[in-house]
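Trainee: Pasting a structure below so you can have a look.
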Amino acid sequence: MTTRRRFLQATAGAALPVSMHSLAAAAISPQRPPQFRAVVVGSQPDAISFGQHFAAGGTPVHALAEDEITSLWLGTIRPLWLAGPVAIAGVTQPATLFCLEQLAWSHGLRVAFHAEHVLQADGSTVHQLQRGAAAAGVTATHLARAGATWPTQLAQAMATHRRHRWDPRFGPSLASLEPALPPDAQLLSSWIIAPA
Amino acid sequence: MRAATPVMAALGLMAMAMAATGAEPIAGEAVYQRWCVHCHSTGRGNPGTESLQVKYKGSVPAVLLERTDLTAEVIRVFVRQGVLSMPPFRKTEITDAELGALSTWMASGGGKR
Amino acid sequence: MTDRRKFLQTAAGMAAVPAVGAAGLALPATAAGAQVAAPATSISVVAPSRLPPGVSRPDFNRALSAWRSAIGADGVFTSDADVALYRDAYSPYWGEPEERVASAAVAPATLEQVQAVVRVANQYKVPLYAISTGRNLAYGGSAPVYSGSVVLDLKRMNRVLEVNERNAYALVEPGVSYFDLYEHITKHNLDVWIDPPDPGWGSVIGNALDGGGGWTASPFRDHFGAHCGMEVVLASGEVVRTGMGALPDSKSWQHNRWGYGPWVDGLFRQGNMGVVTKMGFHLMPRPEVMQSAVVRVPRNEDAIALLDTLNLLENQHVVNGSTSLGGVGGAAGGNAGAWSLTLPIYGPEKVVRAQMEYCRDKFAKIAGSTFTEGELFRTPLSADALTRARKTSFGIPDLSTFGLLGRTHADPVPAGGHMDFSPILPRTGEALLEFAKFYRDNLPSVSDGGKLRFLGPVYMTNWDRTLVALIMFPVGKDKAFNARMRHAFEQWVQLCADRGWGEYRTPAVFQDAVAKVYSYNNHSLTRMRETIKDALDPNGILSPGRYGVWPRHLRKS
Amino acid sequence: MLPPNVSAANFNRALAAWRTAVGSDWVFTADADVALYRDAYSPYWDEPEERVASAAVAPSTLEQVQAVVRVANQYKVPLYAISTGRNLAYGGSAPVYSGSVVLDLKRMNRVLEVSERNAYALVEPGVSYFDLYEHITKHNLDVWIDPPDPGWGSVIGNALDGGGGWTASPFRDHFGAHCGMEVVLASGEVVRTGMGALPDSKSWQHNRWGCGPWVDGLFRQGNMGVVTKMGFHLMPRPETMQSATVMVTRAEDVVPLIDTVNLLENQHVVNGSTQLFGGGAQWQVQVPIYGPEKVVRAQIEYCRDKFAKIAGSRFTEGELIRTPLDAATLNRVRKVNFGVPDLSTFAMLGRNAQNPAPPGGNIGFSPIIPRTGEAVLEYSKFYRDNLAAISEGGALRFQGPVFMTNWDRTLVAMIMFPIGRDKVMNAKMRTAFEKWVALAAARGWAEYRAPAAFQDQVAKTYSYNNHSLTRMRETIKDALDPNGILSPGRYGVWPKHLRKV
């Protein structure tokens, strides 16, 4: 009879789809220690490609099954932050950022960078930087110019940029409230949660 | 969902008693059915009858309605003062008029005499 | 099936009560000249002060005449004979100066009349004591806690306002007794059950507000817990409706219990913050069958596994009936067939049989235990089945309980009344054994070397998750006997308090002593209740002193 | 920002006193820190009317709570108590009275006791459903908790706001399943209710009522005190759960459908959280049952017979699931139905007919209607008739109505309102919410709970006898909290000095 504790540990691992595991393992040796102790990505294609870049660099990347954050939080991120505030990044649904942000506050972390990407019906993407462009070393025009490769460009910028601390003036991000979106457009959030 | 009509049980509720005699309920009997029947009728679970059986050991019937020696005045005193574990009955429960009708009805053995 | 009655009789057998002379009063001879033994009372022995404390004669007369014009002269009782009817038939101070008596009584018949009576009382600062049917015997009956109060008798408000079969609820007035509600349900052929306590003549509302319980299935046995919505008259005379009733012409007053915002209903439980004039109750749809079983365990310490198993079964709602724990062994410390437990289950036949089997498996784990299934009763009960069943366990009110403490073969000359001492213990076998030993150790001193006989302790498991050790004190009309019983009662209260055991309910005369036991942080809960009382009833006119809550002007600081 | 009616001098004295009481790093005044207490789903987001905190104080012990409250009472600084502050869709962590100092109890997160034998827990306000579940798992205790949708909320906070969960009755009614409280009053005095009033009582979490007037209800959706401990009755792990769904295909069959659900629930044959889906001609209800296998199978069969009486209805038995669940099973069921807290309500696919709330900001309009099929049909028509006008021709996209039967004997017809960053859209949503409240009240329907921004309006619909219940509550509030410092305005109860005559 599986006791509750054993299956809780078991489910923690389930958050990582097999593909992501293999990518991380095959990575060439990273030049520098990874910027983020974890990268979280939703199930959308752009998010996956954002994650692949970090996986290649040896950063542990967690793709959420059906954007369900619970097991990742209980199994991976909470243990990380219980040991101390360490930066994480991701491209996910706004609600995932909202949950992680709320949980981060009591561990001494805040949203240092937040950008929103409106995936239009016609396939194009409109970017809007909400907070902390400096923290990620990226601008809206930079992303716009990248066209369909914006996820990789964004990942590259974040991976190489050094200063991921949050600005003491930052209060809560706007992750909880959706902007007015054109019909059948999709919204993705990219973010960094970092210590002061 | 509708089950068979719940049996009236041996409580002898006013409706049952009325149906049985077919006559307009004599005020006295209605008061008896409402207040006295639960302790002073026959059968199991009648503390009044059991108490009077122990007290008189059969020298007089334990069931009040079978008594022939009760006067309206005695009934009135017991109803208004109670005895042992039988508490008195207030006028908001049994009015003087109802007590009058009850006493005469019981003293006549429930209208039999 | 050992039912409470048989068990109590065995307990009663242990405690024969010394003969008590009945203070005789000559009675008119019966028609046949036989001298009818007089009821042990005389109405003029105690002349009630006839003037409420702190009220001038002119003010009291003004109040009386205002009441007469508000509710009619026949609703205002002032003569000695009428007012004496409000004495507590089981008062432990019977015939003594300290007996709590009414100065008068008023009996309104409608909400508007209740409001008028309360407004007049508030104007002239006349203390009222509200009773519903006044049948709260063993807990104070129809007499006031504050002697000299005017009794507000709600018996004439006896309308069954609604019984809804589809959503299984009733809305009643305070004067409606269990007999009245049962009669209504039977007459209209409604397929729901009521949950009667022992005596069926008590008020459905009154019993709930005093924290009483009944004998069918949980959660309906917790009468206050099963209520849904109230209408209450405050000391100002204003009327309030709680829960969804606060919404004008709400359609769900008896559906949702909580309503919106702070829930005030609890203030009226064992309280004096208002006069309840309507109350809704959730009822149980008629269960198709009931079957009970009896579990017996051989060793005294088996009580631990027995109660743990019972808790598991009840907390999973596999057992929903009113369980009752029996055991002579426990009290006497020996091991002869230590404990027995009845397990009634109500529901559809196939479900009850599966639940019974599950219980059998669980109790089988206790070495040496036996599990005996009783008869499966199908409802509605046939006349024949009724002769074998205990009515109250099938939602049928009766008064058979008075057979226990009245004059019986086992007890030919009883004291007459009784009062209940009912401390709450933790719902564990360890607590049960601790209490049994505590009782044995203290019985000699508290009972004057065995001269005073108490009935019990009866360990009652019929409140969900709660264990009550009930000890019954006979009370009669003999002053010396009553005084010693009172002293013993107060001793038990203190001895239990020192062990972390407090009563769930208590007779009026001991409500102060018991309230003082709930003294956490220098009586902070009592002081909080007093703060609320002073705000809602500044003149302190509603049931002063009930459950130890006194208005400001009567609190000895 | 200063709390209203408090001088800068007094506010500074209060802040200094709080710093000595709880330590300066637990008194938040910096804008960025205080901003974290904004209501993430505020329908007034970024507008002048948004209710915001002036500061926040986070005590970690009973004595510190008493000290903070005494100081607030001394300088008449309004406090707003939150447990974990996750009461999203009902006001979150922001105060009802803008400018109040938030009393954040998140640091009081000790699980004080969990008894497996007597199936109860005693917790502090900062304990979330995750925390309690983790405690039970770590100690391998064979009891279940009853989590609401997001599992990060406070066990105490959710109960005090009238919330509910998704396992079996009576545990789903969180306030109804509580047993015993410890509360700090506005005077700073501490009170214990029920058997807790008896010094070193041994049955505080056994018997709920204690002796004498029961005051616990005053703290439900209330502001009469700060609850610092609360006991809860828990359910022993049920051996199995099996659900069935019943479908009817004629609109009027929703009447016998609900009558049958009522009969089964009122007899406690069905104890799981039933749920009504559908609309128009097609209605469906689920009847989950928890308990020992043989018992559950007999109960499901009984349900089958009862529903079979509805001509044309279809009864489909679901899988019988044995507990404890292995990982694979847990991943394919709705965790909260098995006492496992999660945050799936925020996931994209977390949206389901049972919980249509959009992942982002939303507020719920949740009126109680009678638990009958007729009421469902009447409400559906009421919604259809008024939708066009209130939604401004469909411009405002509400979700619902969702007919929730998971409170015993109660039926809630919830309509969800998305809240975004667009001030114009939010303003339209607010107006629409107020219209629904007024229209429903006229039909004898009113809300069981309300977001902070609408608590006043909803309180006014409970107006029997010229608002006599509200006035009674105000009388008690003025007596227990004369300076009106505890959560002023919560559920429409305002202190004397803030009541517009």
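Trainee: How charged is the neighbourhood of D:L320? Take every other residue with its Cβ under 9 Å from the Cβ of D:L320, and add Lys/Arg as +1 and Asp/Glu as -1.
Mentor: On the way: positive: D:R297, D:R322; negative: D:E293, D:E317, D:E319.
It works out to a net charge of -1.
Trainee: State, as an integer percentage, the relative contact order of chain C based on alpha-carbon contacts under 8 Å between residues 6 or more apart.
Mentor: After rounding, I find 17 percent.
Trainee: Under a straight-distance cross-link criterion of Cα-Cα below 13 Å, which aspartates and glutamates are reachable from C:K556, leaving out those fewer than 8 residues away in the same chain?
Mentor: C:D512, C:E530
Trainee: Could you list the square roots of 5 times each eigenvalue of the Cα gyration tensor of the range C:406-549, that is, the equivalent ellipsoid semi-axes, sorted largest first and rounded to whole Å?
Mentor: Semi-axes from the Cα gyration tensor: 29, 21, 14 Å.
Trainee: I'd like the FRET efficiency for A:T152 and A:A121, computed as 1/(1 + (r/R0)^6) with the beta carbon distance as r and R0 of 22 Å, rounded to 0.05.
Mentor: Rounded to the nearest 0.05, the efficiency is 0.45.
Trainee: Which of the residues in the range D:206-229 show a loss of at least 40 Å² in accessible area from their chain by itself to the complete set of protein chains, at a probe of 1.4 Å?
Mentor: Buried by the other chains: D:H206, D:N207, D:W209, D:C211, D:G212, D:P213, D:W214, D:V215, D:L218, D:R220.
Trainee: Using only atoms on other chains, find how many Cβ atoms lie within 10 Å of each Cβ of peptide D:457-464 and report the average.
Mentor: The shielding value for this peptide is 5.
Trainee: With label points built 7 Å along Cα→Cβ from the Cα atoms of C:R360 and A:L187, find their separation and express it in nm.
Mentor: The modelled label-to-label distance comes out at 6.1 nm.
Trainee: Give me the residues in the range D:259-294 whose solvent-accessible area, probe 1.4 Å, is reduced by at least 10 Å² once all protein chains are included instead of the chain isolated.
Mentor: Checking the loss per residue gives D:D259, D:N262, D:L263, D:N266, D:Q267, D:H268, D:V269, D:P292, D:K294.
Trainee: What's log10 of I(q)/I(0) for the range D:20-122 at q = 0.21 Å⁻¹, Debye sum over Cα points only, no solvent?
Mentor: Debye curve over Cα of the range D:20-122, log10 I(q)/I(0) at q = 0.21 Å⁻¹: -1.07.
Trainee: Using modelled amide H (1.01 Å from N, peptide plane; none on Pro or chain starts), what sits under 5 Å from the amide H of D:T228, excluding residues fewer than 5 places away?
Mentor: Placed amide hydrogens put D:E182, D:V183, D:V184 under 5 Å from D:T228.
Trainee: Tell me the Kirkwood hydrodynamic radius of chain C in angstroms, computed as one over the mean inverse distance between distinct C-alpha pairs.
Mentor: Result for chain C, one decimal place: 24.8 Å.
Trainee: Using a Cα-Cα cut-off of under 19 Å, which lysines could be cross-linked to C:K479, ignoring same-chain neighbours fewer than 8 residues away?
Mentor: C:K451
Trainee: Helix-only mean residue ellipticity at 222 nm, chain D, DSSP H runs n ≥ 4 weighted -39,500 (n - 2.57), per residue, nearest 500. What is it?
Mentor: -9000 deg cm²/dmol
Trainee: On to the next question. Between beta-carbons, use under 12 Å as the cut-off and find the net charge around D:R499, counting Lys and Arg +1, Asp and Glu -1.
Mentor: Overall, the nearby charge balance is +2.
Trainee: Highest mean first, what order results for D:299-310, D:3-14, D:65-76 on Cβ atoms within 10 Å? Don't jump to the answer; show the numbers that get you there.
Mentor: Details: D:299-310: 18.8, D:3-14: 15.8, D:65-76: 21.3.
By packing density, highest mean first, the sequence is D:65-76, D:299-310, D:3-14.
Trainee: Can you tell me the accessible area per residue over the range D:300-427, all protein chains present, probe 1.4 angstrom, in square angstrom?
Mentor: Numbers: 4760 Å² over 128 residues.
For the range D:300-427, the solvent-accessible area averages 37 Å² per residue.
Trainee: Provide the descending list of Cα extents for the range D:359-422 along its principal axes, expressed in whole angstroms.
Mentor: Sorted largest first, the three principal extents are 39, 25, 12 Å.
Trainee: Counting only protein heavy atoms, what percent of the accessible surface of the protein assembly as shown is carbon or sulfur at a 1.4 Å probe?
Mentor: 56
Trainee: Could I ask something else about it? Classify the range A:123-196 as rounded, prolate or oblate, taking a ≥ b ≥ c as the square roots of the eigenvalues of its Cα gyration tensor: rounded when a/c is under 1.5, otherwise prolate if a/b is larger than b/c and oblate if not.
Mentor: Numbers: a/c = 2.51, a/b = 1.22, b/c = 2.06.
Note, shape of the range A:123-196 comes out oblate.
Trainee: Let me ask you something else. Between D:E47 and D:E392, what's the calculated FRET efficiency when r is the beta-carbon distance and R0 is 22 Å? Round to 0.05.
Mentor: Efficiency computed from Cβ-Cβ geometry: 0.65.
Trainee: While we're on this one: Per-residue mean of other chain beta-carbon atoms within 10 angstrom of the beta-carbon, peptide B:42-49?
Mentor: The mean count of partner-chain Cβ atoms within 10 Å per residue comes to 6.
Trainee: Continuing with this model, one more query. Starting from the exponent 0.38 and prefactor 2.2 Å, build the expected Rg for the range D:170-251 from its residue count and divide its actual Cα Rg by it.
Mentor: On the way: Rg = 17.9 Å, N = 82, 2.2 N^0.38 = 11.7 Å.
Taking N as the residue count of the range D:170-251, the ratio is 1.53.
Trainee: With a 1.4 Å probe on protein heavy atoms only, work out how much accessible surface C and D bury together, total over both chains, in Å² to the nearest 100. Display every interim value, and only then the final one.
Mentor: Details: alone 23570 and 21230 Å², together 36510 Å².
Summing both sides, the interface buries roughly 8300 Å².
Trainee: Over the range D:43-200, what is the mean sequence separation of C-alpha contacts under 8 Å (at least six apart), divided by residue count, expressed as relative contact order in percent? Walk me through the numbers before you get to the answer.
Mentor: Numbers: 271 pairs, mean separation 31.1, N = 158.
Once normalised by length, the contact order is 20 percent.
Trainee: Leaving out ligands, DNA and RNA, calculate the buried accessible area for the pair B and C with a 1.4 Å probe, summed over both sides, in Å² to the nearest 100.
Mentor: Counting protein atoms only, the buried area is about 4800 Å².
Trainee: Calculate, for the range D:117-233, the solvent-accessible area per residue in square angstrom, rolling a 1.4 angstrom probe over the heavy atoms of the protein chains.
Mentor: It amounts to 18 Å² per residue over the range D:117-233.
Trainee: Could you work out how much longer the chain between D:E113 and D:A311 gets when fully extended? Use 0.36 nm per residue separation minus the Cα distance between them, nm to one decimal. Kindly include the intermediate steps, with their values, before the conclusion.
Mentor: On the way: separation 198, 0.36 × 198 = 71.28 nm, distance 5.09 nm.
Stretched out fully, the D:E113 to D:A311 stretch lengthens by 66.2 nm.
Trainee: If you consider only alpha-carbon coordinates, what radius of gyration and Dmax does the range D:124-268 have, in Å?
Mentor: 18.3, 60
Trainee: Over the range C:270-374, what portion of Cα pair distances is larger than 24 Å, expressed as a whole percent?
Mentor: On the way: 1950 of 5460 pairs.
Considering the range C:270-374, 36 percent of its Cα-Cα pairs are separated by more than 24 Å.
Trainee: Using only the Cα atoms of the range D:400-472, what semi-axes does the equivalent ellipsoid have when each is the square root of 5 times a gyration tensor eigenvalue? Give whole Å, largest first.
Mentor: Ellipsoid semi-axes (Å, largest first): 23, 18, 10.
Trainee: Across peptide A:167-177, how many C-beta atoms of other chains are within 10 Å of each residue C-beta, on average?
Mentor: 6
Trainee: Sorting check: for B:67-80, D:267-280, which peptide has the highest mean count of neighbouring beta carbons within 10 Å, and how do the rest follow? Each step should come with its number before you reach the end.
Mentor: Values: B:67-80: 18.7, D:267-280: 21.4.
In descending order of packing, they fall as D:267-280, B:67-80.
Trainee: Another question, if that's okay. Calculate the spin-label point distance for D:D142 paired with D:A16, positioning each point 7 Å from the Cα along the beta-carbon direction, and give it in nanometres.
Mentor: According to this spin-label approximation, the distance is 6.0 nm.
Trainee: What does the buried accessible surface come to for D and A, summed over both chains, with the probe at 1.4 Å? Round to 100 Å².
Mentor: Values: alone 21230 and 9960 Å², together 27730 Å².
Using a 1.4 Å probe on protein heavy atoms, the buried area is about 3500 Å².
Trainee: In addition: Among the listed pairs C:K278/C:K533; D:K138/D:K335; C:K533/D:K76; D:K76/D:K428, which have their C-alpha atoms separated by more than 26 angstrom in this model?
Mentor: Correct reply: D:K76/D:K428.
Trainee: Would you be so kind as to identify which of A:G108, C:F77, B:T104 lies farthest towards the positive end of the dipole of the protein assembly as shown, taking Lys and Arg as +1 and Asp and Glu as -1 on Cβ and the Cα centre as origin?
Mentor: With unit charges placed on the Cβ atoms, the residue in question is C:F77.
Trainee: If the cut-off is 15 Å between C-alpha atoms, which aspartates and glutamates fall inside it for D:K381, apart from same-chain ones fewer than 8 positions away?
Mentor: D:E252
Trainee: Per residue and in Å³, how big is the convex hull formed by the alpha-carbon atoms of the protein assembly as shown?
Mentor: Once divided by residue count, the hull of the protein assembly as shown is 176 Å³.
The values are calculated or read from the model by the stated rules, or taken from the named source; none is laboratory data. Note that the structure is predicted; figures quoted are calculated from it, not measured. Heads up, the Cβs are rebuilt from the backbone with ideal geometry, glycines too, and the neighbour counts pull from every protein chain shown. Accessible surface is based on the protein model in full, side chains and every heavy atom, while ligands, DNA and RNA are left aside. Shrake-Rupley method; radii C 1.70, N 1.55, O 1.52, S 1.80 Å.
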